[in-house]
1. Here are some conditions: (1) assigned to a helix (DSSP H, G or I); (2) touching a residue at least 12 places away in the same chain (Cβ under 8 Å); (3) surrounded by fewer than 20 Cβ atoms within 10 Å (Cβ to Cβ). Asp209 meets all but one. Which one does it not meet?
2. When you scan the stretch 157-170, do you find a residue that is among the aliphatic types (A, V, I, L, M), part of a helix (DSSP H, G or I) and more than 16 Å from the ligand (Cβ to nearest atom), even just one?
3. So, in the stretch 245-262, exactly how many residues are among the aliphatic types (A, V, I, L, M), touching a residue at least 60 places away in the same chain (Cβ under 8 Å) and over 14 Å from Ile204 (Cα atoms)?
4. Return yes or no: is Asp221 under 23 Å from the mean Cα position of the chain (by Cα) and of a type outside the set (Val, Ile, Thr)?
Amino acid sequence: MILITGGAGYIGSHVARDLLDRGYEVAILDNLSTGHLDAVDKRATFIFGDMGDLHLLDQVFKRLPIHAVMHFSANCLVGESVKLPLKYYENNVGKSINLLNKMIEYNIQHLIFSSTCATYGIPTESLLTEDLPTDPINPYGHSKRMIEMILKDLFQVYGLNFVILRYFNVGGAHVSGEIGEDHNPETHLIPNVLKHLQGKTKYIEIYGDNYPTPDGTCIRDYIHVSDLSNAHIFALEYLGRNQHCTEIFNLGSEAGYSVLEVVKASEEIANKQALIRYQERRPGDPPILVASSDKAKKLLGWTPKLKLEQIIQSAWNWHQKHPDGFNK
Ligand code: UDP
C-alpha cells in the first residue's frame, strides 16, 4: 500500500487516481487545509489529519501495510513564502521531519518526495540538469532543498531509499474533467488567466515586463499534471527495482513559454481576449526556468506527452465544468 500525503490536493489527487487505476492500494493522509474532500478517490483509504501529527502517524503505520510514501503535503506558493517564511519552514520542513522520523521508526524504506525547480534559484544554464548547483531565492525553494539534504543524510544512516522529483510548472486537469486545480486564493498563472477569460476577474495581472527575456515576461516550463503523475508511477517502479536509490529527477518538458505566450495560447483556446494589467515583479520569481528531462527519459523511461495547448485545453475543460471548483 502506498501512503500519499496531500492526496486531496491538486497533484496528489491525480497521482492517487492513476495509482488506483493501475491496481495499487492507496491510503491518503490530508488535513484538507488546501485540499478537497471531493478530490479524494473513493477507492482510497482516507485519513483526515496532519502529516506532522506523530500520534496519528503511529496509528497509520501500525495499522496499514504501507511500503512506500509519496510525500506531496506542503505549502507551495513562492510569493506567499517570501511574506510568511516561517509558515513554510514549519510546514514543509518541520512536519516533514516528523513524517521521516516515523518512516524510520516503522522501517518504511521507500519515499518519493515532491520537490521543485525553485531549488535552482536563478539558473546560469538555459536547460536545467539535476547536477547544477542549487541556490534557492525564496523560502519555498529553501524549504524543499532542506528536505532534499536531510534525505541524503537519512540514506547514509538508515538506508532510506528515495526519489526526489523536482517539478517545473504543473498545469492541466484529469482527462475525465472530474478533478483539477482549485486553490483559494488562486495564484498560479494558467488558472488565473482562465478565470479571467471566464469573466471572473476584470483583468489578468502580469508580474513584471522587464525581465531579460524576449518579451520581458518570465519564462516557465509547463507540464501536464497527468504526465507528472505518470512520472511518479515510473519513479515508484524505479525505486522498487533499485536498492540504494538517491536519485533526483527534473520533471518538465524542455520547452519554455513566457507569461505572455501562456496568455495568448489561453485566448485562442477560450476564443476570448484577455485584458492585461502589468504589475511590479513578484518577489522570489526567477526570470527563466526550463528543465532538461534527459535524466528522467534515460533512467525512468519517462517522456512528457502533452504540450502547452493540451495543458490549457484540459484546464479550460475543468474550469468550464466546475466554474466554482470543487464547490460545484
Ligand atoms: N504570474 C503572473 N500572473 C499571475 C500568476 C502568475 O504574471 O496571475 C507569473 C509569475 O510571476 C511567474 C509565472 O507567471 O512568472 C508562473 O507563476 P506561477 O505562480 O503559475 O508558478 P511558479 O513559477 O511561481 O511556480
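1. For Asp209, the failing item is (1).
2. From the stretch 157-170, those among the aliphatic types (A, V, I, L, M) are 157, 160, 163-165, 170; that's our starting set.
Pick out the ones that are also part of a helix (DSSP H, G or I) and you get 157.
Subset that is more than 16 Å from the ligand (Cβ to nearest atom): 157.
For the stretch 157-170, residues among the aliphatic types (A, V, I, L, M), part of a helix (DSSP H, G or I) and more than 16 Å from the ligand (Cβ to nearest atom): present.
3. Number satisfying all stated conditions: 2.
4. Yes, satisfied.
A quick yes/no check of all residues on (1) within 16 Å of the ligand (Cβ to nearest atom); (2) of a type in the set (Asp, Glu); (3) in contact (Cβ under 8 Å) with a residue 60 or more places away in the chain:
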{"site": "Lys264", "(1), (2), (3)": "yes, no, no"}
{"site": "Glu267", "(1), (2), (3)": "yes, yes, yes"}
{"site": "Glu280", "(1), (2), (3)": "yes, yes, yes"}
{"site": "Ile288", "(1), (2), (3)": "yes, no, yes"}
{"site": "Ala315", "(1), (2), (3)": "yes, no, yes"}
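Residues checked against (1) charged (D, E, K, R); (2) within 16 Å of the ligand (Cβ to nearest atom); (3) closer than 20 Å to Thr246 by Cβ; (4) out of contact with any helix residue (DSSP H, G or I) (no Cβ under 8 Å at 6 or more places or on another chain):
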| residue | (1), (2), (3), (4) |
| --- | --- |
| Leu64 | no, no, no, yes |
| Val69 | no, no, yes, no |
| Tyr106 | no, no, no, no |
| Ser115 | no, yes, yes, no |
| Ser126 | no, no, no, yes |
| Leu132 | no, no, yes, no |
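Taken together, the values in this text are just the output of simple stated rules run on the coordinates, not laboratory data. None of these values were measured; they are calculated from a predicted model. Virtual Cβ from ideal backbone geometry, glycine too; neighbours counted across all protein chains shown.
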